[in-house]
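The values are calculated or read from the model by the stated rules, or taken from the named source; none is laboratory data. Just so it is clear, the model here is predicted, and its values are computed rather than measured. Positions of Cβ are generated from backbone atoms using ideal geometry, with glycine treated the same way; all protein chains shown enter the neighbour counts. Surface accessibility is based on the protein's heavy atoms, side chains included, excluding ligands, DNA and RNA. Shrake-Rupley method; radii C 1.70, N 1.55, O 1.52, S 1.80 Å.
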Amino acid sequence: MSQIVYQRSPGLKDVETHYCPGCHHGIVHKLIAEVLTEMDLLDTAVGVCPVGCSVLAGNYINCDFIEAAHGRAPAVATGVKRTHPELPVFTYQGDGDLASIGTAEIVHATMRGEKFTTIFINNAIYGMTGGQMAPTTLEGQKSTTSQSGRDRKIHGLPVRMAEMLATLDGMAYAERVCVADIPSLNKAKRAIKKAFTLQQKGIGFTFIEVLSTCPTNWGMSPVEAGRWVQSTMSQYYPLGVVKDAEVPA
Amino acid sequence: MQKELWKGNEAIAEAAVRAGCRAYFGYPITPQNEIPEYMSVRMPEAGGVFVQAESEIAAINMVYGAAAAGVRAMTSSSSPGISLKQEGISYLIGAELPAVIVNMMRGGPGLGTIQAGQADYFQATRSPGHGDGRMIVLAPSGIQEAADLVAEAFDLADIYRNPVMILADGMIGQMMEPIVWHERKPAELPPKDWAALGREGDGRTHFVTSLRLQSAENEVFNQQLMGKYQQIARDEVRWEAIDCQDAQIIIVAYGTTARICQSAARKLKQEGIRVGVFRPIGLWPYPYEALRKLAEQDTVRSVLTVEMSLGQMVEDVRLAVCGVKPTPFYGRTGGMIPETEQVADQVHQILREVKA
């Protein structure tokens, strides 16, 4: 007798994604899809996907989506959530999007304590445009616009968005996770679920930063890229809960 | 019906609420500040949403979000702020979302001045944002008309799924006039079955987007937009012609400038000069045909355009008149307002030249 032990989440559409081999977008999509399914939110959730590799997320995750201009997803999500407080709303943003062109929007959405969730994919590079330096690119890391490696004297040091945003009172919950191995992946899913749970309680802004890979633009194999997240990225961007407003400091 | 004294900016805001606008997002800039101030009180009263955004860019993107979720949404600004909103306007066009944007124009370029101007005509009618988009542009010349056009703007936005701009000069925002609140018959509007508000009963999802990566698909979309714009250009032309029949001179002007030109025309009439004023109410689509027919009359010697700019609408006047009559231009700019005497002098000069 056969038994189904694993299958595609109903939170994902039955399509192939355009993501490169070894890219973590697909894994994070899956985790969001599973969380929305388990929380019974697929019918009501509205995602906002701005410019970047994940601008087509609405073709993959099986809930409503709004594409946004580069960096503007937190403003678009504000427009949705304020007019429809009953809907679970989330943005799905990359690091060029959130930490560079959309800095004003994410800072002010956090400051206002907007009651949506942001999933922040930090892969330390601009993926879609072909590997340019991002605000999150590590010191010494080579990119097409920092070909000798990021130099702190010229570019400054990379920004830790979760910590920066956690200084604002509107932040209810911030956690940094990765999905490079199964225990981390399970932790990441719990973090995403916690964020949506707190959003449903209406406590404030919730923010999950996911350290992710970009093997194509890093010039690594998928396996090397996953290891680099754990060995190098997570040294500069420590994993764990950055802020939990429900737990007194 | 009872007349009430209303300031332009506040009348526009109240008209939006009465038209069912339930989301307003804005950022302070003179001379439109009474709109966000009024909305900050009135929106919550009406069960709607008011957010003072961190920037004009954020404000237009909040409008984009609310509109994508099926809500009647609006923002307002003045010239420098509208430049910042152009990105969002282009995305509204590309995602076919309805929204109303008020531009209470001031004198530019750059930071310019806070006094009234009309120098954003090109921006509004030619290039509301990047790409092949168009925007319906309505230009009130008084407070009553401003209130009436706001209501119409929301209907047009919903019917055509396209942003609509109220393009007024700062004078309209700042002056007070008696107005009447008309009861409007609700328009027949298409259902917003595209809105991202959660999946349909059959599990179908909505994806509001302006991204069409396949060029061939994007060309087809642009052609569909063009079809929509051709329909708008046919069905949504608005103008007023005052004493233009058998006129010697036709003055073309919109907004506050049209009011000044009407005063000049009345003064000239006392001197025995027949001056008509042609006032476009819609700037896009432009009333080309109506203006051309009037300009073709044998009595008409010249078609004078007056603007608070160095000459922007005059290009549409020349397209309409198409060389059949002279099309001189008179403009004050940078926040300066043409005076009745100055307009009358222009007419005198034209008539002298015609006789000479």
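Quick one: dipole size for chain A, taken about the Cα centre, charges +1 on Lys/Arg Cβ and -1 on Asp/Glu Cβ, in debye to the nearest 20.
380
Which FRET efficiency value, to the nearest 0.05, is calculated for A:GLU163 and A:THR232 with the Förster distance at 25 angstrom and r the Cβ-Cβ distance?
0.85
Just to be sure I understand: of the beta bridges DSSP finds with both ends in region B:241-355, what percent are antiparallel, rounded to 5?
In region B:241-355, DSSP labels about 15 percent of beta bridges as antiparallel.
Of A:LYS115/A:LYS243; A:LYS115/A:LYS193; A:LYS81/B:LYS192; B:LYS7/B:LYS228, which ones are farther than 23 Å apart at the Cα?
In this structure, B:LYS7/B:LYS228 exceed 23 Å between Cα atoms.
Please list, in chain and number order, the residues 5+ apart from A:ILE61 or on another chain whose amide H is under 5 Å from its amide H, with Hs placed from the backbone.
A:LYS13
Heavy atoms only, 1.4 Å probe, whole protein assembly: order A:VAL159, B:VAL137 by accessible area, highest first.
Largest accessible area first, the list is A:VAL159, B:VAL137.
R0 = 30 Å: FRET efficiency of B:THR299 with B:GLN230, Cβ-based, nearest 0.05?
With a Förster radius of 30 Å, E is 0.35.
Nearest 100 Å², what total accessible surface is buried between chain A and chain B (probe 1.4 Å)?
Buried: approximately 2600 Å² between B and A.
For every helix of n ≥ 4 consecutive DSSP H residues, a contribution of -39,500 (n - 2.57) applies; sum these over chain A, divide by its total residues, and give [θ] at 222 nm rounded to the nearest 500 deg cm²/dmol.
Estimated from H runs of four or more residues: -8500 deg cm²/dmol.
Can you sort A:CYS178, B:CYS322, A:CYS53, A:CYS20 by solvent-accessible area, 1.4 Å probe, largest first?
Sorted descending by solvent-accessible area, the residues read B:CYS322, A:CYS20, A:CYS53, A:CYS178.
Mind checking A:55-62 for the average number of partner chain beta-carbons within 10 Å of each residue's beta-carbon?
3
Let me have the 222 nm mean residue ellipticity of chain B computed from DSSP H runs of 4+ only, each contributing -39500 (n - 2.57), with the sum over all residues rounded to the nearest 500.
Estimated from H runs of four or more residues: -13000 deg cm²/dmol.
Mind checking which aspartates and glutamates have their Cα closer than 12 Å to the Cα of A:LYS201? Skip sequence neighbours fewer than 8 apart in that chain.
A:GLU86, A:GLU246
Enter the Cα centre distance for the pair region A:204-228 and region B:243-319, rounded to the nearest angstrom.
63
Hey, got the average number of other protein chain Cβ atoms within 10 angstrom for residues in B:69-81?
What the average comes to for B:69-81 is 2.
Pick out, from B:TYR24, B:GLY107, B:VAL306, the residue whose Cα sits farthest towards the positive end of the charge dipole of chain B, with +1 on the Cβ of Lys and Arg and -1 on the Cβ of Asp and Glu.
B:VAL306
How much of the accessible area of the protein assembly as shown, in percent, comes from carbon and sulfur atoms when a 1.4 Å probe is used?
52
Lys and Arg at +1, Asp and Glu at -1: add these up for the other residues within a Cβ distance under 13 Å of B:ALA320 and post the number.
Combined, the nearby Lys, Arg, Asp and Glu give 0.
I want to check the label-to-label distance for A:GLU246 and B:ASP202. Put each point 7 Å from Cα in the C-beta direction and report it in nm to one decimal.
3.9
Any idea what angle helix B:8-18 forms with the longest principal axis of chain B, computed on alpha-carbon atoms, 0 to 90 degrees, nearest 10?
40
Using alpha carbon centroids, what distance separates region B:94-155 and region A:3-28, in Å?
45
If you take every DSSP beta bridge fully contained in the protein assembly as shown, what fraction is antiparallel? Give it as a percent rounded to 5.
That works out to approximately 25 percent antiparallel.
Please check chain A for the longest run free of GluC sites (Glu not before Pro) that are loop-located per DSSP (anything but H, G, I, E, B) and have at most 15 other Cβ atoms within 10 Å.
A:87-245
When you look at the Cβ of every residue in A:113-122, what mean number of other chain Cβ atoms sits within 10 Å?
Mean inter-chain Cβ contacts per residue within 10 Å come to 0.
Gain in length, A:THR145 to A:MET128, computed as 0.36 nm per residue apart minus the alpha-carbon separation, to one decimal in nm?
Computed gain between A:THR145 and A:MET128 is 4.7 nm.
In chain B, with Lys and Arg counted as +1 and Asp and Glu as -1 at Cβ, which of these residues, B:LEU213, B:ALA295, B:ASN61, has the Cα nearest the positive end of the dipole, that is, farthest along it?
Result: B:ALA295, furthest along the dipole toward the positive end.
Less than 13 Å Cβ to Cβ from B:ALA46, Lys/Arg counted +1 and Asp/Glu -1: what total charge do the surrounding residues give?
Cβ neighbours under 13 Å give a net charge of +2.
Keeping all protein chains in the complex and leaving out DNA, RNA and ligands, what accessible area do you get for B:LYS325 with a 1.4 Å probe, in Å² to the nearest 10?
It works out to around 40 Å².
For B:PHE221, what charge total do you get from the other residues with a beta carbon under 12 Å from its beta carbon, if Lys and Arg give +1 and Asp and Glu give -1?
Neighbour charge sum, excluding B:PHE221 itself: -2.
Only four residue types carry charge here, +1 at the Cβ of Lys and Arg and -1 at the Cβ of Asp and Glu. Report the dipole size of region B:241-355 about the Cα centre in Debye, rounded to the nearest 20.
Dipole magnitude for region B:241-355 comes out near 140 debye.
May I ask you to give the solvent-accessible area per residue for the protein assembly as shown, in square angstrom, as obtained with a 1.4 angstrom probe?
Each residue of the protein assembly as shown exposes 40 Å² on average to a 1.4 Å probe.
Calculate the FRET efficiency for B:ASN222 and A:GLN200 from the Cβ-Cβ distance with a Förster distance of 35 Å, rounded to the nearest 0.05.
It comes to 0.30.
Could you order A:HIS25, B:HIS130 so the one with the most accessible surface comes first? Probe is 1.4 Å.
Heavy-atom accessible area, descending, gives B:HIS130, A:HIS25.
Using alpha-carbon pairs under 8 Å, 6+ residues apart, how would you state the relative contact order of region B:241-355 in percent?
The normalised contact order for region B:241-355 reaches 29 percent.
Starting at the first residue of region B:310-319, write each ³J(HN,Hα) from the Karplus equation 6.51 cos²θ - 1.76 cosθ + 1.60 with θ = phi - 60°, in whole Hz, x for Gly and Pro.
Here the 3J(HN,Hα) series is 7, x, 10, 4, 4, 5, 5, 4, 5, 5 Hz.
With springs only between Cα atoms under 10 Å, which of B:ALA290, B:ALA16, B:ALA147 fluctuates most in a Gaussian network model of chain B?
Judging by the Gaussian network model, the answer is B:ALA290.
Suppose every K and R has +1 on its Cβ and every D and E has -1 on its Cβ; what is the size of the dipole of the protein assembly as shown about the Cα centre, in Debye to the nearest 20?
Charge dipole, the protein assembly as shown, about its Cα centre: 540 debye, nearest 20.
Which of the residues in region B:209-240 show a loss of at least 40 Å² in accessible area from their chain by itself to the complete set of protein chains, at a probe of 1.4 Å?
In region B:209-240, residues shielded by partner chains: B:LEU211.
Helix B:56-68 versus the longest principal axis of chain B: what is the Cα-based angle in degrees, 0 to 90, to the nearest 10?
Between the helix axis and the principal axis of chain B, the angle is about 60 degrees.
Report the gain in length on full extension from B:ARG352 to B:HIS130: 0.36 nm times residue separation, minus Cα-Cα distance, nm rounded to one decimal.
75.5 nm
Compare B:GLN144, B:GLN214, B:GLN230 in a GNM of chain B, Cα atoms joined below 10 Å, and give the one with the largest fluctuation.
Highest fluctuation among the options: B:GLN214.
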